[in-house]
1. Restricting segment 81-96 to residues that are out of contact with any helix residue (DSSP H, G or I) (no Cβ under 9 Å at 6 or more places or on another chain) and in a loop (DSSP other than H, G, I, E, B), which is nearest to A114 (Cα to Cα)?
2. Answer with yes or no whether R61 is surrounded by 12 or more Cβ atoms within 10 Å (Cβ to Cβ) and over 30 Å from G168 (Cβ atoms).
3. Touching a residue at least 60 places away in the same chain (Cβ under 8 Å) and either over 28 Å from the mean Cα position of the chain (by Cα) or not in a loop (DSSP other than H, G, I, E, B) (or both): does that describe L48?
4. Could you check, for segment 133-144, whether at least one of its residues is outside the structural domain of L94 (by TED's automatic domain parsing), in contact with a His (Cβ under 9 Å, 6 or more places away or on another chain) and over 30 Å from N102 (Cβ atoms)?
5. Anything in segment 180-200 that is without any contact (Cβ under 8 Å) to a residue 24 or more places away in the chain and either surrounded by 15 or more Cβ atoms within 10 Å (Cβ to Cβ) or under 16 Å from G161 (Cβ atoms) (or both)? List them, or say none.
6. Residue by residue through segment 146-169, note down the ones that are in a loop (DSSP other than H, G, I, E, B) and either among the small types (G, A, S) or buried (at least 19 other Cβ atoms within 10 Å of the Cβ) (or both).
7. Considering only segment 85-111, state which residues are farther than 18 Å from L52 by Cβ, free of Cβ contacts under 8 Å to residues at least 40 places away in the same chain and of a type in the set (G, A, S).
8. Please find, within segment 98-145, the residue that is nearest to the chain's Cα centre (by Cα) out of those that are in a loop (DSSP other than H, G, I, E, B) and of a type in the set (D, E, K, R).
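The values are calculated or read from the model by the stated rules, or taken from the named source; none is laboratory data. Please read all numbers here as calculations on a predicted model, not as lab measurements. Methodologically, a virtual Cβ is constructed for each residue, glycine included, from the backbone with ideal geometry; neighbour enumeration extends over all protein chains shown.
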Amino acid sequence: MTYLILGPHGNKKDSAISQVKQQYLPEKDLLSFDYEVLYGHKLDSHQLQKALLSMPVFGDRRFVFIRECHRLTDRNKQIIADFISTQHAQIVLLLEAEALKNNDILLKSCKAEAEIIQVAKERAANVFDVTRALDRHNKVEALKILTGLFESGVHPLQVMGGLVWFWGEAKDRMPPQRFEDGLRALQETDLNIKRSRMHAHHAIEILLVKLGVLME
């Protein structure tokens with residue numbers, strides 16, 4: 001059986017890959033014998049042919065996973081296409097690529113003989129994903145998303161704007177004293193950032209924890 005997973009890297013693609021692997025892979029201590037991972041950008045033809053022709057050691061099948069197939073040489077794409085057309089029962093072949101052109105020989109071969117899984121592009125996270133995590137009382141998830149936002153270049157003041165809006169919307173869902181405590185925490189964080197009393201990222205992390213506690 002052959003699978004081709006197309007689409008951008010991300011959690012959705014990782015999940016699709018895991019689902020295919022779980023159907024066929026043996027116990028973890030046997031993986032080194034019947035499981036092989038290859039990378040398209042540094043794969044030579046001899047290594048590829050050996051991987052596709054090797055017999056399973058313990059199970060009924062070997063699982064061969066080739067990443068970055070969009071970076072394979074034309075010769076290696078032809079080798080894989082020829083292999084797919086023969087449908088070797090002892091090999092489960094999983095191919096992964098960001099995208100392949102419609103006239104690509106590998107894509108044409110997979111359309112005829114393989115199962116193709118198209119993964120959609122993931123929506124970029126934003127500050128409202130942080131506030132939704134807070135609303136679910138999940139401070140750990142909120143902090144994780146916040147870290148991702150900062151790593152992607154989101155400005156701290158953009159995050160602060162979203163948190164101020166969120167806290168105002170939450171006013172009617174908590175005791176007045178907790179709401180006031182949250183306002184003070186927001187104001188304190190804003191001052192700490194603007195007056196450089198504390199690194200902005202660290203200041204907002206502390207604020208998230210405070211707001212999360214007040215919402216519990």
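1. Per the stated criteria, the residue is A89.
2. Numbers: surrounded by 12 or more Cβ atoms within 10 Å (Cβ to Cβ): yes; over 30 Å from G168 (Cβ atoms): yes.
The answer is yes for R61.
3. no
4. no
5. L183, Q187, E188, L191, N192, K194, M198
6. Listed by number, the residues that qualify are S152, G153.
7. Listed by number, the list is empty, since nothing qualifies.
8. For segment 98-145, the residue satisfying everything is E122.
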